[in-house]
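Student: After the structure tokens below, expect a handful of questions from me.
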Amino acid sequence: MYDVSIAKGPARRLFAVPHKGPYTDISRAFEKLGTIAAARNLWPQARGMVGVYHDDPSATPADDLRSHAGLLVDDTVPLPDGLEEVRLAGGKMAVLRLKGPYSGLKAAYDHLYGVWLPASGAHTANSPSFEVYVNSPMDTAPGDLLTDICVPLQ
């Protein structure tokens, strides 16, 4: 049902808006990020959108979950006011590509952490999982959305 691969991912630099609360509500942080990016003319430097998820939702109360809505940029772009810099280390990671609406993310995570990870013998690194949004809901039908769920591995 889900295809998981192991890949070597690059280090990533993000300009981000923090979010605290249920992960399903991170869209508000992405909306704020989009407003700031437009006002600061950051879209020409953007190389994609990334969501970073710092906590395990099965072990952390929903209201205490920490995440970031991020805009992927290179090291030459100066950090604008109103955004935080988030750095994601490169290296070995499990990648599950989900095709379809974001409402399918929970089932994909359940498979990745509950089925694939225990069966693989791999161990997670001490780094947050993150989602790379390969295309945008602004110009892509929900059934055609592509999201890479990335879990750093030791």
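The values are calculated or read from the model by the stated rules, or taken from the named source; none is laboratory data. In this text, all values refer to a predicted model and were calculated from it rather than measured experimentally. With ideal geometry, Cβ positions are generated from the backbone for all residues, glycine too; neighbour counts draw on all protein chains shown. Ligands, DNA and RNA are excluded from the accessible area calculation, which covers all protein heavy atoms including side chains. Shrake-Rupley method; radii C 1.70, N 1.55, O 1.52, S 1.80 Å.
Student: Identify all lysines with a Cα-Cα distance to Lys32 below 17 Å; exclude those on the same chain that are fewer than 8 residues away in sequence.
Tutor: Partners within reach: Lys20.
Student: Non-local amide H neighbours of Ser129 (under 5 Å, H modeled in plane, Pro and chain starts lacking H): which ones?
Tutor: Under 5 Å from the amide H of Ser129: Tyr53.
Student: Ignoring everything but the protein chains, give the 1.4 Å probe accessible area of Tyr2 in square angstrom, nearest 10.
Tutor: 50 Å²
Student: Moving on. Give me the angle, in degrees from 0 to 90, between the Cα long axis of helix 27-39 and the longest principal axis of the Cα atoms of the chain, rounded to the nearest 10.
Tutor: It works out to around 30 degrees.
Student: Which order do the peptides 99-109, 34-44 come out in when sorted by mean C-beta neighbours inside 10 angstrom, highest first? Intermediate results must be reported in sequence, preceding the final value.
Tutor: Working: 99-109: 15.3, 34-44: 13.2.
Descending mean neighbour count gives 99-109, 34-44.
Student: Per the helix-only calculation at 222 nm, which mean residue ellipticity applies to the chain, given -39500 (n - 2.57) for every DSSP H run of n ≥ 4 and division by its residues, nearest 500 deg cm²/dmol?
Tutor: Values: 3 runs with 24 residues, N = 154.
Value at 222 nm, helices only, nearest 500: -4000 deg cm²/dmol.
Student: For the chain, what is the accessible area per residue in Å², given a 1.4 Å probe and the full set of protein chains?
Tutor: Values: 8430 Å² over 154 residues.
Computed with neighbouring chains in place, this is 55 Å² per residue.
Student: Quote the FRET efficiency, to the nearest 0.05, computed for Ala7 versus Met138 with a Förster distance R0 of 25 Å and r equal to the Cβ-Cβ distance. The partial results should precede the final answer.
Tutor: On the way: r = 27 Å, r/R0 = 1.07.
According to the calculation, E is roughly 0.40.
Student: Grab the other residues whose beta carbon is less than 13 angstrom from that of Pro61, score K and R as +1, D and E as -1, and report the net. It would help to have the intermediate numbers written out before the result.
Tutor: Details: positive: Lys20, Arg66; negative: Asp55, Asp56, Asp63, Asp64.
Computed value for this residue: -2.
Student: Lysines within cross-link reach of Lys8: Cα-Cα under 20 Å, excluding same-chain residues under 8 positions apart?
Tutor: Lys92
Student: Which value, in debye to the nearest 20, describes the size of the charge dipole of region 20-140 about its Cα centre when Lys and Arg Cβ atoms bear +1, Asp and Glu Cβ atoms bear -1, and nothing else is charged?
Tutor: Working: 11 positive and 14 negative charges, 61 e Å.
For region 20-140, the charge dipole is close to 300 debye.
Student: Continuing with this model, one more query. Could you give the alpha-carbon Rg of region 74-113 over 2.2 N^0.38 Å, rounded to two decimals? Spell out each step's value before the answer.
Tutor: On the way: Rg = 15.4 Å, N = 40, 2.2 N^0.38 = 8.9 Å.
Normalised Rg, Cα atoms only: 1.72.
Student: What order, most packed first, do the peptides 5-18, 73-86 have when packing is the mean number of other Cβ atoms within 10 Å of each residue?
Tutor: 5-18, 73-86
Student: May I pose another question? Which residue, Val77, Leu98, Gly51, has the largest displacement toward the positive end of the dipole of region 51-113 when charges sit on each Cβ (Lys, Arg +1; Asp, Glu -1)?
Tutor: The one lying farthest along the dipole's positive direction is Leu98.
Student: Among residues other than Leu117 whose Cβ falls under 15 Å from its Cβ, what is the net charge (Lys/Arg +1, Asp/Glu -1)?
Tutor: Numbers: positive: Lys92; negative: Asp3, Asp56, Asp110.
With Lys, Arg at +1 and Asp, Glu at -1, the neighbours total -2.
Student: How high is the FRET efficiency between Trp43 and Leu146 when r is their beta carbon distance and R₀ equals 22 Å, given to the nearest 0.05? Mind showing how you got there, number by number?
Tutor: Working: r = 20 Å, r/R0 = 0.90.
Computed FRET efficiency for Trp43 and Leu146 comes out at 0.65.
Student: Let me ask another. Quick one: with all protein chains in place, what share of the accessible area of region 75-114 is carbon or sulfur, to the nearest percent (1.4 Å probe)?
Tutor: Details: 1260 of 2290 Å².
The value for region 75-114 is 55 percent carbon and sulfur by accessible area.
Student: Calculate the spin-label point distance for Arg66 paired with Arg28, positioning each point 7 Å from the Cα along the beta-carbon direction, and give it in nanometres.
Tutor: 1.9 nm
Student: Turning to a different aspect of this structure: Residues with beta-carbon under 11 Å from that of Ala7, excluding Ala7: net charge, scoring Lys, Arg +1 and Asp, Glu -1?
Tutor: Values: positive: Lys8, Lys92, Arg97; negative: Asp148.
Every neighbour counted, the sum reads +2.
Student: Taking 8 Å as the Cα distance limit and 6 or more residues as the minimum spacing, I'd like the relative contact order of region 97-154 as a percentage. Mind showing how you got there, number by number?
Tutor: Details: 72 pairs, mean separation 28.7, N = 58.
Normalised by residue count, the contact order of region 97-154 is 49 percent.
Student: What is the Cα centroid distance between region 20-56 and region 77-103, reported in whole angstrom?
Tutor: If you average the Cα positions of each part, the centres end up 10 Å apart.
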